[in-house]
Amino acid sequence: MPFTAYDSETCSIARTLALVGDRWSLLVLRDLANGVRRFDELAGHLGVARTVLSQRLARLVDAGLVERVAYRDNGARERHEYRLLGPGRELAGILLAFLAWGDRHLAGPDGPPAVPRHADCGAPVRLVLTCDDGHELGPRPRLRLEPGPGSRLAATQ
């Protein structure tokens, strides 16, 4: 059956985008992955309205991507910082894919504004698409999408 015969609402891409597909959610995840954890620091670095940031953080916490952790500076009231949980850290590949694409297609004449490096050895990080048998798919991968166990046919109209 053709791809269009299946219900697009069950698509994992659609479900992921519903959760993290807006600009602010992805940028919050980027900043958290880079050690920006406190609300005021996030708001200042992102330049986002505090209400929008609060909504995005709440959604990421509710989805189990981020945890909210209490802290207290000397003489100050209790506040909270945010840390990525395992599912949030797993989105690093998506963030790096956006970064690599932007570097290739949108970086100015001075080059990319940031270079991801392996923290242990210092080598630049690159994303590679492989199959389970270890074959590297290269820059023009040949893929075939097959229905999985969670697929369902689209409703006929």
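Read the figures in this text as sums done on the coordinates, not as results from a lab. Since the model is a prediction, treat every value here as computed from it, not as a measurement. Note that we place each Cβ from the backbone using ideal geometry, even for glycine, and neighbour counts take in every protein chain shown.
Structure notes:
- If you run the Gaussian network model on the chain, springs between alpha carbon atoms under 10 Å, then out of Arg56, Arg140, Arg126 the most flexible one is Arg140.
- Here the calculated FRET efficiency for Ala70 and Ala43, from their Cβ-Cβ distance with R0 = 25 Å, stands at 0.85, rounded to the nearest 0.05.
- The chain: DSSP helices with Cα axial extent of at least 24 Å and average Kyte-Doolittle hydropathy no lower than 0.0: none
- For Asp73, Asp7, Asp31, Asp132, order by how many other beta-carbon atoms lie within 10 Å, fewest first: Asp132, Asp73, Asp7, Asp31
- FRET E, pair Ala107, Val36, Förster distance 25 Å, beta-carbon r, rounded to 0.05: 0.65
- Label-zone membership for the stretch 9-52, site Arg89, 7 angstrom Cα→C-beta point, backbone N under 20 Å: 26-38
- Helical contribution to [θ] at 222 nm, DSSP H n ≥ 4, -39,500 (n - 2.57), averaged over the chain, rounded to 500: -11000 deg cm²/dmol
- For the stretch 126-152, the residues whose backbone nitrogen is under 11 Å from a point 7 Å from the Cα of Phe3, taken along Cα to Cβ, are 143-146.
- The candidate values are [x] 145; [y] 181; [z] 207; the one derived from this structure for volume of the Cα convex hull per residue in Å³ carries the label [z].
- Distance (nanometres) between label positions extended 7 Å along Cα→Cβ at Thr10 and Asp22: 2.8
- With eigenvalues of the C-alpha gyration tensor scaled by 5 and rooted, the stretch 4-48, Å: 31, 9, 6
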